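> Submitted below is the structure of interest, expressed as structure tokens.
Computed from the coordinates by the stated procedures, all read-outs in this text should not be read as laboratory data. Just so we're clear, the structure is a prediction, and the values are computed from it rather than from any experiment. Every residue, glycine among them, receives a Cβ derived from its backbone with ideal geometry; neighbour counts consider all protein chains shown.
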Amino acid sequence: MGILERKEREKEDMRRLILTAARKLFLEQGYEKTSIRNIADAIEYSPATIYLYYKDKNELFFALHEEAFLKFMEELGGVRSVKDPFERLIEMGHRYIKYAVENPELYDLMFIMTAPMETLACRDELWEDGLKSFGLLKWVIQECVNIGYLKNTDIEISAMTVWAYMHGLVTIYLKNRMSMFQDDQQIQRMQQSFTLFSKMIKESL
């Protein structure tokens, strides 16, 4: 390995170290209570080191948010190979649940914490990552309407309705509210609920 390659790998390792520590602190302490100094202390470096990679806390959080959505879109993007539009919608729901269950911390950063919206406000930007995933959902629903599976032609409202249900379902699970059932059937309950919801939207939308 050459000197340049080694330096580049060392930089990437440092970025990963910073992001991992920042994600942990953001989730444990909250965005507002986490400072660059807190993150620096966690990785046992000076704050100046972090500023070599990220100009402020907003940029650091945005990097985490962007990385999480990239992984999310890779998971959802697989639905494009499903030929039948309604089966594609069902597969998208299953992949949404899978991503949330397997990546609870990332899901929290993406959809539950308010910090992403605050960082976007500071950057004067739209929530492009959210729009991309929502756009994929709208495309799937439009295909369902085109082929006659769904009748509601207000694609945006239909997509919002589906997303709101999915988000509510996985949030109940991630925040341990299903523990009230006192069994180990939480994942099964989610899948059964989603199956019922799928039948409902086919009959009512």
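> How far is the Cα center of the stretch 3-27 from the Cα center of the stretch 28-104, in Å?
Centre-to-centre (Cα) distance: 15 Å.
> Do any of LYS11/LYS71; LYS57/LYS138; LYS55/LYS98; LYS7/LYS57; LYS11/LYS55 go past 26 Å between their Cα atoms, and which?
Flagged as over cut-off: LYS57/LYS138; LYS55/LYS98.
> Which order do peptides 177-185, 36-44, 151-159 fall in by mean Cβ count within 10 Å, highest first?
The densest-packed peptide leads the list: 36-44, 151-159, 177-185.
> Moving on to the next point. For the chain, what is the mean residue ellipticity at 222 nm derived from helices alone (per DSSP H run of n ≥ 4: -39500 (n - 2.57); sum divided by total residues; nearest 500 deg cm²/dmol)?
-24000 deg cm²/dmol
> Let me spell out the model: positive unit charges on the Cβ of Lys and Arg, negative unit charges on the Cβ of Asp and Glu, origin at the Cα centre of the chain. What dipole size does that give, in debye rounded to 20?
That gives a dipole near 260 debye.
> Given the options GLN185, THR49, LEU131, identify the residue whose Cα lies farthest towards the positive end of the charge dipole of the chain (+1 on Cβ of Lys, Arg; -1 on Cβ of Asp, Glu).
GLN185
> Evaluate E = 1/(1 + (r/R0)^6) for GLU8 and GLU32, where r is the Cβ-Cβ distance and R0 equals 41 Å; express this FRET efficiency to the nearest 0.05.
For GLU8 and GLU32, the calculated efficiency is 0.75.
> Now a separate question. Can you compute the modelled spin-label distance between GLU156 and ASN103, with each label point 7 Å from Cα toward Cβ, in nm?
2.7 nm
> If you don't mind, another one. MET73 versus GLN192, label points 7 Å from Cα toward the beta carbon: distance in nm?
Here the modelled spin labels are 3.7 nm apart.
> Students often get this wrong, so try it: which of (i) 27, 19, 16; (ii) 37, 24, 17; (iii) 37, 20, 16 is semi-axes √(5λ) of the Cα gyration tensor in Å as calculated from the structure shown?
Here semi-axes √(5λ) of the Cα gyration tensor in Å agrees with entry (iii).
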